[in-house]
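Written below as structure tokens is the structure these notes are about.
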Amino acid sequence: MLHDINKIRRELDVLPNYDNQIYLQGFHEGQDPTELTQGQTYKYVDENELACSVPLFDLPLINSIIDHYNLVRTRVMKMKPKTCYYWHKDVTKRLHIPVVTHEHCFLIVDGEQIHLPATGDDYIVDTTKMHTAMNCSKIDRIHIVGAFRV
């Protein structure tokens with residue numbers, strides 16, 4: 001599905017500053033989205049992903065996409081230049097909406113290199129397979145990532 005990428009970017013401009021990621025959904029209204037990315041809470045979120053479903057910000061377009069796909073644990077993930085994630089797999093597939101990217105940013109899924117351009121398209125990525133993400137550029141890579149309910 002194609003979305004207005006400029007409108008998505010404008011909505012994200014209202015978010016507080018964050019380093020690597022900020023949650024767009026939490027466990028209850030008014031929850032501090034940065035609380036979900038720190039310490040032992042992160043493991044708790046991994047184990048209770050389905051309950052992480054309450055919108056934390058007034059983002060009409062983004063929240064409508066989350067509702068349309070019935071996503072949980074949706075967050076904005078910022079990947080710094082010259083970094084990659086560890087090799088892993090998730091319990092469910094993920095929806096990715098690239099917001100800012102570069103031609104040298106990739107996902108490696110089950111050995112296949114994939115580039116997702118920031119065109120407003122959303123992409124269903126089978127992250128139940130072994131995968132990682134790589135930012136081989138000089139800019140931050142920013143994706144909205146949500147988990148599908150099982």
ask   = Can you name the number of the only condition in (1) of a type in the set (Val, Ile, Thr); (2) under 19 Å from Phe148 (Cβ atoms); (3) modelled with pLDDT under 95 that Thr41 fails?
value = (2)
query = Give me the pairs: first residue in the range 130-150 and touching a residue at least 24 places away in the same chain (Cβ under 8 Å) and of a type in the set (Ser, Thr, Tyr), second residue outside any loop (DSSP other than H, G, I, E, B) and surrounded by fewer than 21 Cβ atoms within 10 Å (Cβ to Cβ), beta-carbon distance under 8 Å, and six or more apart or on different chains, which are they?
reply = Thr132/Cys84; Thr132/His88; Thr132/Leu107; Thr132/Ile108
message = Looking only at residues that are closer than 13 Å to Arg94 by Cβ and among the β-branched types (Val, Ile, Thr) in the range 133-149, which one is surrounded by the most Cβ atoms within 10 Å (Cβ to Cβ)?
response = Ile144
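Within the range 62-82, track down each residue that is exposed (fewer than 13 other Cβ atoms within 10 Å of the Cβ), in contact (Cβ under 8 Å) with a residue 40 or more places away in the chain and not in a loop (DSSP other than H, G, I, E, B). Walk me through it before giving the result.
Within the range 62-82, the first condition is being exposed (fewer than 13 other Cβ atoms within 10 Å of the Cβ), and the residues that meet it are 64, 67-68, 70, 80, 82.
Checking the rest, the ones that are also in contact (Cβ under 8 Å) with a residue 40 or more places away in the chain come to 68, 70, 80, 82.
Scanning the range 62-82 gives a single hit, His68.
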Test: residue in the range 17-35 that is among the β-branched types (Val, Ile, Thr), more than 17 Å from Val145 (Cβ to Cβ) and in a helix (DSSP H, G or I) = no
ask   = Considering only the range 83-116, how many residues are without any contact (Cβ under 8 Å) to a residue 40 or more places away in the chain and surrounded by 13 or more Cβ atoms within 10 Å (Cβ to Cβ)?
value = 9
request  = Could you list all residues from the range 118-128 that are exposed (fewer than 14 other Cβ atoms within 10 Å of the Cβ) and either touching a His at 6+ places or on another chain (Cβ under 8 Å) or within 16 Å of Arg94 (Cα to Cα) (or both)?
outcome  = Ile124, Asp126
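The values are calculated or read from the model by the stated rules, or taken from the named source; none is laboratory data. Because the structure is a prediction, the values reported are computed rather than measured. Quick reminder, even Gly has a Cβ in these numbers, built from the backbone with ideal geometry, and neighbours come from all protein chains shown.
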